[in-house]
Every structure is written in structure tokens, then in C-alpha cells.
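Read through the structure below, which is laid out as C-alpha cells, and then see the notes.
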Amino acid sequence: SNKSPQLLFPSIGFICIILVLRWVLYFRKGLAWDGGAAEFNWHPVLIVTGFIFLQGIAIIVYRLPWTWQCSKKMMKFIHAALNLVAFIFAVISMVAVFDFHNAANIPNMYSLHSWLGLTAVILYCLQLVLGVGIYLIPATPVSWRAAFMPLHVYSGLLLFTSVIAVALMGITEKLIFALDNPKYKDSPPEAILVNALGVLLVLFGALILWIATRASWKRPKDQILHTLHSNGGGEDNIKVDSASSQLSDGADAEACADVRKRTTKFDD
Ligand code: HEM
Ligand code: HEM
């Protein structure tokens with residue numbers, strides 16, 4: 001199958017990071033931790049680099065074919081670590097904007113953007129804690145892991161999508177607040193640049209969602225690779241239908257059935 005989105009998504013992500021940096025460094029007052037506008041600027045920068053880019057990569061990291069020779073355990077650590085770093089970036093970005101608001105005597109938590117944004121950060125934390133508890137701690141029964149997987153995937157994709165939507169609201173607010181003479185409606189270069197950033201964030205999200213929902217790009221079960229490399233299995237496993245079928249109803253059912261035919265173990 002065509003794997004070109006797997007090459008496209010990091011480039012679009014990098015362009016987003018360049019655009020947000022160009023916005024705050026060239027059009028705004030740069031980056032500093034001084035309670036002023038330059039401290040606010042950490043808010044969009046950390047959101048785009050951490051909460052959007054790193055989270056996006058964390059989500060599709062199991063689906064990069066060149067990682068399929070790595071153990072599932074190793075990939076789970078990478079997935080968890082990337083999500084943890086994304087969360088830390090999001091928390092620091094929250095501190096930056098609250099600090100800026102308090103220093104400038106701007107009320108906290110008045111906007112829809114801030115309500116949905118803070119909710120997303122809190123639920124992301126919950127997702128992280130549950131993910132560690134269920135998939136990283138060895139004591140958790142495999143049957144629990146399997147039972148929880150559809151919810152983990154659903155809430156993960158919902159959170160990622162929501163974070164991009166919240167970022168678009170924040171971008172729009174900021175342009176309306178900050179642009180003055182020329183105003184946003186006069187389409188100055190800054191507005192064009194940041195509108196383009198918003199479009200690319202949507203594109204980045206769309207590609208991540210595409211990659212994360214293709215049944216044919218699902219990581220093959222370790223058993224296959226163990227067999228291929230003839231170095232044995234060794235993990236305890238039970239016969240359950242795997243997460244590979246969670247998002248693969250309808251059009252992908254065939255590709256998925258093909259994977260399932262060759263695999264009977266759940267190694268999540
Ligand atoms: C404020 C969260 C992305 C612009 C806030 C506040 C929160 C928040 C909780 C309220 C701070 C306070 O009340 O003191 C988020 C989250 C984001 C995100 C979770 C990630 C999706 C962005 C982006 C921008 C932005 C990309 C673009 C510049 C703003 C602005 C404010 C703000 C202008 C101040 C006005 C307001 O409170 O609505 N953000 N934000 N945000 N954010 Fe974001
Ligand atoms: C799969 C999101 C934290 C373990 C997934 C998927 C998403 C996701 C969207 C589906 C990916 C796919 O189908 O290819 C998230 C988010 C997290 C998070 C947003 C943090 C807020 C964790 C943590 C662990 C974990 C801490 C612990 C190891 C797994 C496992 C899978 C998975 C085992 C299944 C991979 C597979 O099907 O091969 N996660 N996750 N997740 N996640 Fe997470």
C-alpha cells in the first residue's frame with residue numbers, strides 16, 4: 001500500500017514548528033520568562049511543538065514499518081515517553097499563560113478556548129496515568145489490557161483531535177486580540193502566516209488520523225517477527241481478538257482479517 005503519508009507527516013509537523021517560531025520571534029516579542037508578552041509566547045510554541053507534534057508522533061509510532069523489528073515493550077516505552085514529554089510541554093505552556101494573565105491582571109478561565117483547553121490537559125493526564133497503569137505495569141492482566149484497548153484508542157484520538165481544535169480557537173483569539181493597525185480584517189502578513197499555520201495544523205492532524213486508522217499499517221504481532229527471525233516467542237499470551245480490529249470495521253475489515261489469520265496472540 002501507499003506509504004507516502006508516513007513521509008509527509010513529519011515534514012508538515014516541522015513546518016508548523018517553524019511557522020509558530022517565526023510568528024513569535026519575528027512578528028511578536030520573542031521568547032522570555034518575564035511575565036510579559038514574551039512569556040505568553042511560550043504558550044503557542046510549547047503547544048505546537050509538544051502537545052500537537054510530539055503527541056502526533058507518539059500516536060503513530062507503532063505504525064512506522066522500520067520500527068516493527070523493535071520489541072513491543074520498547075515501542076510501548078517510546079509511545080509512553082513521547083506522550084509524557086508532550087504532557088510536560090502542555091503543563092509548562094499552561095503555567096506561561098496563567099503567569100502572563102496574573103502579571104497583567106487579565107482574568108483567568110473566561111474563554112471557551114481556556115475551558116476546553118484545560119479540560120483536554122486534565123483528560124490527557126488521566127489517559128497517561130491509565131495507559132501506564134494498564135499497559136506498562138506488568139501485573140495488569142492481559143484480559144484487562146485487551147478490554148481497555150478500544151477505549152484507549154478512542155479517547156486518545158478524540159483528545160488529539162480536540163487539542164488541534166482548541167489550538168485553532170487560541171490562534172484565532174490571539175490574532176483578533178493582538179493585530180491592531182493593520183487589524184486582522186486587513187490581512188497583514190502576520191495574519192496570512194498564522195492562518196497558514198492553522199491550515200497546516202489541520203493537515204498534520206488529518207495525516208496522523210489517517211495513519212492511525214489504516215488496518216494495513218497496523219504493527220504485525222511480535223509472534224510473526226519472532227517466527228521470521230526464528231528467535232522464538234516467550235511471552236505469555238491468551239487468544240483474544242486484538243486491538244487491530246478496533247478501528248477497522250467496514251473498508252478495512254479485509255486487510256485486518258488478513259492480519260488476524262496469521263496471528264492469534266494479544267501482546268499489548
Ligand atoms: C489562554 C489552553 C493553544 C492562545 C489559555 C488558557 C488555557 C489555554 C487554559 C487560559 C489561561 C488563563 O485563563 O489564565 C490551551 C490549550 C491549548 C492552547 C490546552 C492547546 C490546544 C493555544 C494556541 C494559541 C493560544 C495555539 C495561539 C496563540 C491563547 C490566548 C489565551 C489563551 C490568546 C488568552 C485568552 C484566553 O484565556 O482565552 N489557553 N491553549 N492557545 N490561549 Fe491557549
Ligand atoms: C495505542 C493514544 C498513553 C499504551 C494508542 C493509540 C492511541 C493512543 C491513539 C492507537 C494507535 C494505533 O492504533 O496505532 C495515547 C495517548 C496517550 C497514551 C494520547 C497519553 C495521553 C499510553 C501509555 C501507554 C500506552 C502511557 C503505556 C505503555 C498503548 C498501547 C497501544 C496504544 C499498548 C496499542 C498499540 C498497538 O495497537 O499496537 N495509544 N496513548 N498508551 N497505547 Fe497509547
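The values are calculated or read from the model by the stated rules, or taken from the named source; none is laboratory data. In this text the structure is predicted, and so the values were computed from the model without any measurement. Methodologically, a virtual Cβ is constructed for each residue, glycine included, from the backbone with ideal geometry; neighbour enumeration extends over all protein chains shown. All accessible areas refer to the heavy atoms of the entire protein, side chains included, with ligands and DNA or RNA removed. Shrake-Rupley method; radii C 1.70, N 1.55, O 1.52, S 1.80 Å.
Test of understanding: among S111, S162, S143, which residue is within 15 Å of ligand 1 (Cβ to nearest atom) and over 13 Å from the mean Cα position of the chain (by Cα)? Before you say what the answer is, go through the steps one by one.
Working: S162 fails: over 13 Å from the mean Cα position of the chain (by Cα); S143 fails: within 15 Å of ligand 1 (Cβ to nearest atom).
Only one candidate qualifies: S111.
Filtering region 96-130 to residues that are in contact with a Phe, Trp or Tyr (Cβ under 9 Å, 6 or more places away or on another chain) and β-branched (V, I, T) leaves V97, I106, V121. Candidates are the residues of region 17-57 that are within 16 Å of ligand 2 (Cβ to nearest atom) and among the small types (G, A, S); the one that is surrounded by the most Cβ atoms within 10 Å (Cβ to Cβ) is G56.
Scanning region 97-140 for residues that are open to solvent by less than 80 Å² (accessible area, probe 1.4 Å), within 19 Å of G35 (Cβ to Cβ) and without any contact (Cβ under 8 Å) to a residue 60 or more places away in the chain turns up V97, F98, H101, I106, N108, M109, S114.
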